[in-house]
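**Student:** Take this structure, written in structure tokens, and hold onto it; I'll ask about it next.
A short reminder: the numbers here are calculations on the coordinates, not readings from a lab. Note that this is a predicted model, so its numbers are computed, not measured. Glycine gets a Cβ as well: all are built from the backbone with ideal geometry, and neighbour counts include every protein chain shown.
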Amino acid sequence: FGVDRAERVSFGRFDITIPDDRAPGKITWPRGAPDPTRHFLTDRAEVLPDAAAFRAAISAELAARGAGTHDAVIFVHGYNTTFAEGLYRTAQIGADLGLSGVLMQYSWPSRANPLAYAYDRDSVWFAGDGLEQMLTQAARSPARRIVIVAHSMGAELAMEALRGLALRGQSHVLNRIGGVVLISPDLDVDLFRSQADRIGALPQPFVIFTSQRDRALALSAQLTGERGRLGTLSDPARLADHDVTLLDVSAFSRGLGHFVLAT
């Protein structure tokens, strides 16, 4: 699971240990000998043979968690992110926000290099079909509903996958999506509106976290020649004709201010 693009989707199962003694929002990486009392660690890593095995793993995890936790939460990482970073971030969000459903990561092929912005943008379009496949498999599992949590450039990928499902008439998959959360979406506002129009009735709730102090998105706007991105939207009227909820977290932004919900 490196930075190169693959022609088919792979499925896996990973168990992550999270240390108790850490600040919420923090991922602690080992510098030297790993220590499970201080560091995030992978306790189990298994590549599954096919989509059927993936669905079986979801079913087993749901059964082990008992009643009332039959949600599948799919995290779509953003720009400049390795497979391991996305995996540990998924685990961290699940632990710190108390998510009780089955946690999944859709790992698209980011170059994991801050200078590879164009490569990652191309990878988002390359990886749309793969996310559609993952959503389809999750919809075929016993999960009661699917919740999509997408960060940064992953928001564009999530929207494109939903658009693709709508264009292909996959209403049975769309109807299983019980919520979408876009965190600091690195997405053109007009493109979002076009995608939302194609999707039609957006899954609910549909929440967009924005910040006027997001330095990463300010740089993205410069790279794309725009005044701003969806994640820095200052005028809610531009989305008034779409059923979305905007939450501005500018007051809590620190540093880059690009992942306030998680950190």
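**Student:** If we sort 104-114, 43-53 on the protection proxy, mean other Cβ atoms within 10 Å, highest first, what's the order?
**Tutor:** Result, highest mean Cβ count within 10 Å first: 104-114, 43-53.
**Student:** Which value, to two decimals, describes the C-alpha radius of gyration of segment 72-127 once divided by 2.2 N^0.38 Å? Don't jump to the answer; show the numbers that get you there.
**Tutor:** On the way: Rg = 12.2 Å, N = 56, 2.2 N^0.38 = 10.2 Å.
Here the Cα radius of gyration is 1.20 times the empirical estimate.
**Student:** For the chain, what does the helix formula give at 222 nm: sum of -39500 (n - 2.57) over DSSP H segments with n ≥ 4, over the residue count, nearest 500 deg cm²/dmol? The partial results should precede the final answer.
**Tutor:** Values: 8 runs with 90 residues, N = 263.
Rounded to the nearest 500, the figure is -10500 deg cm²/dmol.
**Student:** Can I ask one more? If you work out Rg and Dmax of the Cα atoms in Å from the coordinates, which of [x] 17.8, 54; [y] 21.1, 71; [z] 22.4, 74 do you get?
**Tutor:** [x]
**Student:** For an R0 of 51 angstrom, estimate the FRET efficiency from the Cβ-Cβ distance between S171 and D21 and round to the nearest 0.05.
**Tutor:** On the way: r = 47 Å, r/R0 = 0.92.
Computed FRET efficiency for S171 and D21 comes out at 0.65.
**Student:** Mind ranking 24-34, 220-230 by how tightly packed they are, going by the mean number of other C-beta atoms within 10 angstrom, highest first? Please list the in-between numbers first.
**Tutor:** On the way: 24-34: 11.5, 220-230: 16.0.
Going from most to least packed, we get 220-230, 24-34.
**Student:** Okay, next question. Extending each Cα 7 Å along its Cβ direction at V3 and A56, get the distance between those two points in nm, one decimal.
**Tutor:** Placing both labels 7 Å along Cα→Cβ, they lie 3.6 nm apart.
**Student:** Suppose the chain between Q204 and A33 were pulled fully straight at 0.36 nm per residue; how much longer would it get relative to their current alpha carbon spacing? Mind showing how you got there, number by number?
**Tutor:** Numbers: separation 171, 0.36 × 171 = 61.56 nm, distance 4.46 nm.
Result: 57.1 nm gained on full extension.
**Student:** By how many nm would the segment from R13 to D243 lengthen if fully extended, with 0.36 nm per residue of separation less the alpha-carbon distance? Don't skip to the answer; put the middle values down first.
**Tutor:** Details: separation 230, 0.36 × 230 = 82.80 nm, distance 3.47 nm.
Here the answer is 79.3 nm.
**Student:** A follow-up question, please. Distance between Cα centroids, segment 3-69 to segment 117-138: provide it in whole Å.
**Tutor:** Here the answer is 20 Å between Cα centres.
**Student:** Express in whole angstrom the spacing between the alpha-carbon centres of segment 143-183 and segment 198-263.
**Tutor:** Here the answer is 17 Å between Cα centres.
**Student:** Would you please put 77-84, 237-244 in order of how densely packed they are, using the mean number of other Cβ atoms within 10 angstrom per residue and starting with the highest?
**Tutor:** Numbers: 77-84: 21.1, 237-244: 12.8.
Result, highest mean first: 77-84, 237-244.
**Student:** With r defined as the distance between the Cβ atoms of L191 and R140 and R0 fixed at 30 Å, what FRET efficiency is calculated, to the nearest 0.05?
**Tutor:** Details: r = 30 Å, r/R0 = 0.99.
Result of the calculation: an efficiency of 0.50.
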